[in-house]
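> Pasting a structure here, questions to come.
The values are calculated or read from the model by the stated rules, or taken from the named source; none is laboratory data. Just so it is clear, the model here is predicted, and its values are computed rather than measured. When we count neighbours, we look across all protein chains shown, and the Cβ atoms used for this are built from the backbone with ideal geometry, even at glycine. SASA here: full protein model, heavy atoms, side chains in, ligands and nucleic acids out. Shrake-Rupley method; radii C 1.70, N 1.55, O 1.52, S 1.80 Å.
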Amino acid sequence: MIKDFVKGLWKENPVFVQVLGMCPTLAVTTKAVFGLSMGVATTFVVVSSSIVISLIRKLVPKQVRIPMFTVIIATFVTVADYMLKANFFEISKALGPYIPLIVVNCLILGRAEAFASKKGVVRSFLDALGMGLGFTAALIVLGSVRELLGAGEVFGYRVLWEGFTEWIVMILPAGAFITLGLLVGLFNVIDKKVMNKETKVT
Amino acid sequence: MLNKISNALFKNSVLSMISALVIVGMISGYALVYVYKYATPKIEENIEKETKKAISSIFPGTVTIEDDKDMFKAIDAKGEVLGYAFLAEGNGYQGTIKLIAGADKEMKKLSGFEVLESQETPGLGAEIGNKAFKEQFRGLPLGKNIEYVKNRKPTKDNQIEAITGATISSRAVVNILNKKIRK
């Protein structure tokens, strides 16, 4: 059970390992706070749709499961979109069309198809929560690096000294690709080191 | 138990597919009606609040704002009209830019503008929302077309200096305003 939750955080991290949901990952991470909000919205959608899909999994005719999952996911995305617009107007404006686009984030349909449609509710919930949090963490890291180098701030707080020349490229699309590439590389290096240690111990 | 019910209900596979889709569609439709009912007034309130905030920053001292068809009247504490504000929009570098522009009460001079919505590049195009850029528009004559110059100080009274590295976004603002002024 715990495994279902933990694997999304590191071993099967949606961004760094599975490389899923790249569109929001690259597009909205110009600032750490946008990464956080996108991550929270995605987590909400993946968790609630996984629960519902797991609950109805035995009633769903096999041939139409994908359209049904899509309708369920779209419903939760719309809920998230309206809630953000109603309560966090600024964030919703900044994220623009990327909130409705959570519908096509393959991370969510992937979890529905690969996990929630086959497993029980509790396990599906843990799996979705782990994946959502792993996604959120990755987006925050990406957003923080880009905000730090692109604006000298993290979460809006000045970190680097005044007079630091901002690397505008980091908040442009190119910066997203560069940062993501380096982070995936770094992730693999750390992962290998940890793995090596584990094998030595055992 | 659930299996038995579903088998009894959906013996025919085509029927079962259709009914399953219809049921899911209906449930999510109903759910969204309630979310919509809850959220819409709040969203409208947010948009209104933002428009009012923008008008107050174009006309400092605004106390009441009157909605007059497609324009807003900004009125100060003494009941005097400070100026009029108009909504305007047009294409930017990425997507639509929505602005609110203000004219003084004689309709002779521009009182400035505020960006309501834009998807310009952060750090470059998004600088059109920056105070230094916006202040250039305060007091421009409404009789002439606004022009922009690059990398030097404006020499005529109808010119503004475009943002370095964001000429397209600067030009977009100028074009949107010119189009609105002509109307």
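> Filter the range B:83-112 for residues that are in contact with a helix residue (DSSP H, G or I) (Cβ under 9 Å, 6 or more places away or on another chain) and of a type in the set (A, V, I, L, M) and give the result.
Within the range B:83-112, B:ALA85, B:LEU87, B:ALA88, B:ILE97, B:LEU99, B:ILE100, B:ALA101, B:ALA103, B:LEU110 qualify.
> Which residue out of A:MET68, A:MET38, A:MET22 is facing chain B (nearest Cβ under 10 Å) and hydrophobic (A, V, I, L, M, F, W, C)? Walk me through how you get there before you give the answer.
Working: A:MET38 fails: facing chain B (nearest Cβ under 10 Å); A:MET22 fails: facing chain B (nearest Cβ under 10 Å).
Going through A:MET68, A:MET38, A:MET22 in turn, just one is facing chain B (nearest Cβ under 10 Å) and hydrophobic (A, V, I, L, M, F, W, C): A:MET68.
> Now for a different question. What pairs can you find where one residue is in the range A:1-25 and within 10 Å of A:GLY130 (Cβ to Cβ), the other is of a type in the set (A, V, I, L, M, F, W, C), and their Cβ atoms are less than 6 Å apart, with a gap of 6+ or different chains?
Cβ pairs passing all conditions: A:ASP4/A:LEU126; A:PHE5/A:LEU126; A:GLY8/A:MET131; A:PRO14/A:LEU20; A:PRO14/A:LEU107; A:PRO14/A:MET131; A:PRO14/A:PHE135.
> Specify the residue that is nearest to the other protein chains (Cβ to nearest Cβ); the eligible residues are those in the range B:124-141 that are in a loop (DSSP other than H, G, I, E, B) and open to solvent by 30 Å² or more (accessible area, probe 1.4 Å).
B:LEU124
> Only one residue in A:ILE56, A:ILE91, A:ILE51 is within 12 Å of chain B (Cβ to nearest Cβ), over 17 Å from the mean Cα position of the chain (by Cα) and not acidic (Asp, Glu). Which one?
A:ILE56
> Does A:THR165 satisfy the condition of being under 30 Å from A:SER49 (Cβ atoms) and polar (S, T, N, Q)?
So A:THR165 fails the test.
> I'm told A:PRO97 meets every condition in (1) surrounded by fewer than 23 Cβ atoms within 10 Å (Cβ to Cβ); (2) more than 8 Å from chain B (Cβ to nearest Cβ); (3) assigned to a loop (DSSP other than H, G, I, E, B) except one. Can you identify the failing condition by its number?
Every listed condition holds for A:PRO97 apart from (3).
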